[in-house]
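These notes are about the structure you will find just below.
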Amino acid sequence: MFDSLHKGLSGVIRKLVSGGSVDKKEVEAMLQDIRKLLLQADVDAKMADQLVANIKKKAVDSPVPAGMTLREHVLKVIYDELVALLGGKPSGLAGRKRIMMVGLFGSGKTTTIGKLAKHFIKQGVRPGLVALDYHRPAAPQQLEQLGKAMNVPVYVEESKDVYRAAKNGMEKFAKLDLIIFDTAGRNALDSELADEVKRLGEIIRPDEVLLAIPADLGKVAKAQAEEFHRLVGVTGVIITKMDGTAKAGGALSATSVTGAKVKFIGMGEKPDDLEVYDPTRFVSRLLGLGDLQTLLEKAKEIEIKKESVDKIVEGKFTLADFMEQIEAMEKMGPMSQVMSMIPGMSGRVSEDVLKQQEGKMKKYKHIMQSMTKDERNFPDLVTANRIKRIAKGSGRTEADVRELLNQYNSMRKMMRQLGGKAGMQRGQMKQLAKQFGLSF
Ligand SMILES: Nc1nc2c(ncn2[C@@H]2O[C@H](COP(=O)(O)OP(=O)(O)OP(=O)(O)O)[C@@H](O)[C@H]2O)c(=O)[nH]1
Ligand SMILES: [Mg+2]
């Protein structure tokens, strides 16, 4: 997603942050680079021009505020303006009782409903799903399968009457916290779809109408969001398939001007591939400033225990902790995604290296699984004899087991050196990275 924009922008920012002294002329050249990058990401030319003009006015033509260097000032203005372009303040979901999902054919409505269901279940909200697509024969079954996989009830109307389906579905799930309605798509927003969506809106009276827009739609997203908005009053947009295009800037910036806020972004086909959209974080990541907050939240979600973090910081951690951390890291997602959220880390380590590290972690995990609890808690107990047994038990070589022990020892040493609780959050991220043998 956004790889080239991210690479380009973070390159410009790195130049800005790490170069020698900066003068206004250089800043202007940078702005032209930024403009070019935005156009490549399919951002509307007028919007890109406006952005550059705004930055120039605020950063170059105005005096630098006291206490700031030109460099810091420019960085802050670039950041603020990009955030404004890509949606401004994040907006959560207002109501949660009835969500109606709308969008054209194949825009990702049904897939997104699965992701939303998972998102809400994690928050302790029990949803029910109602099938409202009786045009495409397999559509209700698709929703049923999805519900089955997540243990979420699905209402399918036998009579195939979409309006009865809406009423009966609401009755059936009246006691649930949340009902999500999966409406039918069409090739275009023709009068047939318009009528249906409008009538369904009147029956359901949803708290949220979420419009699914595929990222590769680009600038056209604006017209589509506006049309749907006129019909049913779109309360939020979900940009889907962000993972599949380098040109998602068009859809994101275009919808942000319609007043319909982007609330989530879809990053893949699986139920976990949904992110709450927060323009500030998004821009931080684009600029390579990292996204500590998202990462910390993810870490919280999977409950990296405080004691285990303390142990790491104090250099007291054992192989048992190491294994726990590997498992926690695995739950966070692919290393490349995790790395892109750590300040100063994005783009520093190549995909290949990360893949290699992931392979190693898997290997280490298998080896540690073959150890006894005592061995994991007191790694110094692992003697040559035990190494032999562990290698046999895990189907790895003795050299592999030694490699793990060496890695563990040098990690422990490094962490002891890092020590201290100052800068704990940043430290914590560094520790996580260090465990993967990455230096930065
Ligand atoms: N890569 C990727 N694929 C996605 C994403 N969201 C949906 N898809 C895929 O897009 C295709 C269409 O998704 P659906 O959820 O069936 O779309 P829909 O809007 O319900 O389609 P209709 O019901 O036919 O109108 C499926 O193959 C999905 O797996 C995403 O965020 N990333
Ligand atoms: Mg569908």
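The values are calculated or read from the model by the stated rules, or taken from the named source; none is laboratory data. Everything quoted here is computed from the prediction, not taken from an experiment. We place every Cβ from the backbone using ideal geometry, glycine too, and count neighbours over all the protein chains shown. Protein only, heavy atoms only, side chains kept; ligands, DNA and RNA dropped before computing areas. Shrake-Rupley method; radii C 1.70, N 1.55, O 1.52, S 1.80 Å.
Structure data summary
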item: Pairwise FRET efficiency - Ala149 versus Ala399, Cβ, R0 = 56 Å, nearest 0.05; result: 0.85
item: Subset of Lys263/Lys360; Lys331/Lys373; Lys122/Lys219; Lys89/Lys175 violating a 30 Å alpha-carbon distance limit; result: Lys263/Lys360; Lys122/Lys219; Lys89/Lys175
item: Gap separating the Cα centres of the stretch 194-226 and the stretch 115-137, nearest whole Å; result: 17
item: Local electrostatic count, Gly236, Cβ distance below 11 Å [Lys/Arg +1, Asp/Glu -1]; result: 0
item: Accessible-area ranking of Glu358, Glu208, largest first, probe 1.4 Å; result: Glu358, Glu208
item: Chain lengthening between Asp161 and Lys362 when straightened (0.36 nm per residue, less Cα-Cα); result: 67.3 nm
item: The stretch 3-85, relative contact order in percent, only Cα pairs under 8 angstrom and at least six apart counted; result: 33
item: Label-point separation, Ala66 to Arg199 (7 Å along Cα→Cβ), nm; result: 6.8
item: Neighbourhood net charge (11 Å Cβ-Cβ; Lys/Arg +1, Asp/Glu -1) for Leu5; result: +2
item: Relative contact order for the stretch 98-280, counting Cα pairs under 8 Å that sit 6 or more residues apart, in percent; result: 26
item: Estimated inter-spin distance, Glu28 and Asn377, nm [label 7 Å along Cα→Cβ]; result: 6.9
item: 13 Å beta-carbon shell around Arg186, net charge (K/R +1, D/E -1); result: -4
item: Solvent-accessible area, 1.4 Å probe, carbon plus sulfur percent, for the stretch 98-280; result: 48
item: Radius of gyration, Dmax [the stretch 89-153; alpha carbons; angstrom]; result: 12.4, 40
item: Per-residue SASA entry for Tyr79, accessible area with 1.4 Å probe, Å² rounded to 10; result: 60
item: Quarter of Cα convex hull surface for the stretch 98-280, i.e. mean projection, nm²; result: 9.6
item: Among 108-120, 172-184, 368-380, the order from most to least packed when residues are scored by Cβ within 10 Å on average; result: 108-120, 172-184, 368-380
item: Selection from Tyr163, Ser191, Ile239, by position along the positive dipole direction of the stretch 94-240 (Cβ); result: Ile239
item: Förster-model FRET efficiency, 41 Å R0, Lys413 and Ala188, C-beta, rounded to 0.05; result: 0.05
